[in-house]
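The values are calculated or read from the model by the stated rules, or taken from the named source; none is laboratory data. What you are looking at is a predicted structure, and each value in this text was computed from that prediction instead of being measured. For neighbour counting, all protein chains shown are included, and Cβ atoms are generated from backbone atoms with ideal geometry for every residue, glycine included. What goes into the accessible areas is simple: the full protein's heavy atoms, side chains included, and nothing from ligands, DNA or RNA. Shrake-Rupley method; radii C 1.70, N 1.55, O 1.52, S 1.80 Å.
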Amino acid sequence: MPKRMKHKRVNILGTPVSSLTMNELFNDWEAVIKEGKKVQVCITPVNSILAARATARVQEIYQHADYVLCDGVPVKWASNFLGDPIKERITGLDVLPRIFPFAASKNFSIFLLGASPGVAETLEAVMEAKHPGVKIVGTFVPPFRVVFSDEENEEMIEAINAVKPDILLVSLTAPKQDIWIAENLEKLNTHVAIGIGGAFEVAAGMIQRAPLWMQKSGLEWFYRFLQEPKRMFRRYFVEAPVFIPLIIQQKISTRFGRP
């Protein structure tokens with residue numbers, strides 16, 4: 001059985017971002033499942049880190065989550081600039097396609113929660129065709145709400161617990177999905193609960209991912225903006241521009257010993 005690792009974390013504007021490789025991450029998840037443990041995984045792009053900086057509850061969740069992954073070139077750049085480089089950029093779009101063959105090879109089961117109606121079912125069909133033997137044991141699409149009612153929340157929990165998945169993939173957008181997992185993890189009969197963001201649509205082939213050269217050059221955000229300009233405008237043109245000045249401020253503050 002693989003051993004669980006203790007990984008380093010890098011402070012990005014108060015959010016402790018995990019520094020590990022993709023291989024280390026999946027080896028650790030295998031150990032978590034086999035040991036019967038329970039962990040929360042947050043995938044944090046710039047907008048999530050800014051949300052945490054603005055909201056104490058979100059910051060608290062990221063500080064207590066078992067894994068807070070480096071989703072995006074700007075987060076990786078920030079760690080380099082601050083002199084504490086994160087090992088590897090690990091995005092939701094990279095993690096999700098790898099989960100299905102990983103689960104199939106280890107006989108682990110998966111539950112898909114969230115996204116728009118029809119998306120999870122399409123993803124299920126695509127992944128079952130690509131990875132024969134993969135165990136997708138359930139899907140559930142909750143209503144579109146800022147906050148779920150108690151009845152809606154219980155229905156979601158009951159659907160998951162009825163099949164006891166090893167891996168729970170939650171697509172409710174960040175940080176909403178991270179808040180939901182944090183508030184309900186103790187009630188959930190699962191081992192690895194991951195807030196996966198909008199990766200369902202991409203993995204299902206419903207939205208095309210940026211070409212590899214754009215991913216590597218840090219331009220994937222621009223490709224996503226061209227695909228969904230209304231949805232992505234605020235993230236990329238209102239929230240993101242404040243990130244770099246804040247990172248510079250953090251570096252200066254750290255250098256002069258100020259919090």
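Elements of the type strands (runs of 3 or more DSSP E) sitting completely within segment 99-180 and holding at least 1 residues that are among the hydrophobic types (A, V, I, L, M, F, W, C) and open to solvent by 10 Å² or more (accessible area, probe 1.4 Å): these cover 135-140. If you go through segment 182-198 and pick out every residue that is buried (at least 18 other Cβ atoms within 10 Å of the Cβ) and closer than 20 Å to Phe108 by Cα, you end up with 8.
A Cβ distance below 7 Å, combined with a sequence gap of six or more or placement on separate chains, defines the contacts here; from segment 126-137, residues that are free of Cβ contacts under 8 Å to residues at least 12 places away in the same chain reach residues that are outside any helix (DSSP H, G or I) and among the aliphatic types (A, V, I, L, M) in the pairs Glu128/Val134; Glu128/Ile136. The number of residues in segment 25-60 that are among the acidic types (Asp, Glu), without any contact (Cβ under 8 Å) to a residue 40 or more places away in the chain and either farther than 19 Å from Ala193 by Cβ or in contact with a Pro (Cβ under 8 Å, 6 or more places away or on another chain) (or both) comes to 1.
Condition test on Asp84, is it under 25 Å from Lys164 (Cα atoms), modelled with pLDDT of 95 or more and of a type in the set (Asp, Glu)? Here the answer is no, as Asp84 does not meet what is asked.
Of all residues in segment 215-259, those that are open to solvent by less than 50 Å² (accessible area, probe 1.4 Å), modelled with pLDDT of 75 or more and of a type in the set (A, V, I, L, M, F, W, C) total 3.
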